[in-house]
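The values are calculated or read from the model by the stated rules, or taken from the named source; none is laboratory data. Every value quoted in this text rests on a predicted model; they were computed, and no experiment measured them. Cβ placement follows ideal geometry from the backbone for every residue including glycine, while neighbour counts extend to all protein chains displayed. To get the accessible areas, we keep the full protein, side chains included, count just its heavy atoms, and leave off ligands, DNA and RNA. Shrake-Rupley method; radii C 1.70, N 1.55, O 1.52, S 1.80 Å.
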Amino acid sequence: MSAHTVTVELSQNDAIDAVTAALATQGFGVLTTIDVKATLKAKLGEDVEDYTILGACNPALAHQALSTDPEIGLLLPCNVTVRQAGGHTLVQAVDPAELLAMAGDGGPQPAELAAVAKDASARLHAALDSLTHD
């Protein structure tokens, strides 16, 4: 699976705040925040680098997709990760269009659903790209 990835020169918490703000400019809200580092420490006693999963949702796009195919909820929300790797902060977003293609049965996707996924992909891409441009 490919993901759109950007590197930012921010701390984990500052990056999460910046990503949340960038997503908002594209109509996404963050529905869930999963602190993977804290969870693995609490559940397994494992120490890992900072890793946070943000569950992002654009309500208008979600509504369009769910209206076309209620099973699309299995692919929602769109995950964005903020993680530390080798002294850098990486921000990655899933590509909804690619997820849709992977989830299908190999046949053509409904045009409306494909268009929504393409729009969501473009918006996520724009949000992440805005983090590297001032």
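A few remarks follow.
- At most 16 other Cβ within 10 Å, DSSP loop - GluC sites (Glu not before Pro), the range 28-124: GLU46, GLU49
- Counting only aspartates and glutamates at least 8 places from LYS43 when in the same chain, those with an alpha carbon closer than 14 Å to its own are ASP35.
- Ligands, DNA and RNA left out, the accessible area of the range 1-50 computed with a 1.4 Å probe is 54% carbon and sulfur.
- ASP50 long-range amide H proximity, modeled H, under 5 Å: GLN84
- Considering only ALA15, ALA103, ALA120, the mean-square fluctuation computed in a Gaussian network model of the chain, springs between alpha carbons under 10 angstrom, is largest for ALA103.
- Max mean-square fluctuation residue, GNM over the chain, Cα-Cα springs under 10 Å, options ALA114, ALA65, ALA42: ALA42
- Counted charge near ASN58, where neighbours are those whose Cβ lies closer than 11 Å (Asp, Glu -1; Lys, Arg +1): 0
- 12 Å beta-carbon shell around ALA85, net charge (K/R +1, D/E -1): -1
- Hz values of 3J(HN,Hα) by residue in the range 53-66 - Karplus curve (6.51, -1.76, 1.60), Gly and Pro given as x: 10, 9, x, 9, 9, 9, x, 5, 5, 4, 4, 4, 5, 5
- Answer label, with Cα extents along the principal axes in Å calculated from the coordinates and candidates (i) 38, 34, 33; (ii) 43, 39, 23; (iii) 37, 33, 26: (ii)
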